[in-house]
Amino acid sequence: DYLERLFWIDYDLKNFFERLFEEHLLNNTILIFSSDHGHRQHRLRMTRSGSFEVKLPFFSILLPPSFKQQFPNAVHN
């Protein structure tokens, strides 16, 4: 409920992703990372950037190289 505290998770996320890359854990893992639409009842929603946040949640998929080689049509789709 506090936008000012979102930075609290930055360090943890940075360490999480660095570990995935450094330990080559993504060589056989599909990573799906997403977020929701943000605050529904916050004054930020009334701003220009807040109006985009409500409509554009974050969604990302990272596929291992072996998956891309085995299933190129799935990756393309």
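The values are calculated or read from the model by the stated rules, or taken from the named source; none is laboratory data. Everything numeric in this text was worked out from a predicted model, so none of it was measured. Here Cβ is always computed from backbone atoms with ideal geometry, including for glycine, and neighbour counts include all displayed protein chains. Surface accessibility is based on the protein's heavy atoms, side chains included, excluding ligands, DNA and RNA. Shrake-Rupley method; radii C 1.70, N 1.55, O 1.52, S 1.80 Å.
Results for (1) closer than 23 Å to Arg5 by Cβ; (2) among the basic types (Lys, Arg); (3) in a helix (DSSP H, G or I); (4) free of Cβ contacts under 8 Å to residues at least 60 places away in the same chain, shown as yes or no for each residue.
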| position | (1), (2), (3), (4) |
| --- | --- |
| Arg19 | no, yes, yes, yes |
| Asn27 | no, no, yes, yes |
| Phe33 | yes, no, no, yes |
| Arg45 | yes, yes, yes, yes |
| Gly50 | yes, no, yes, yes |
| Ile61 | no, no, no, yes |
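Any residue in the range 29-45 that is open to solvent by 90 Å² or more (accessible area, probe 1.4 Å) and at pLDDT 90 or above? Yes, that holds for at least one residue.
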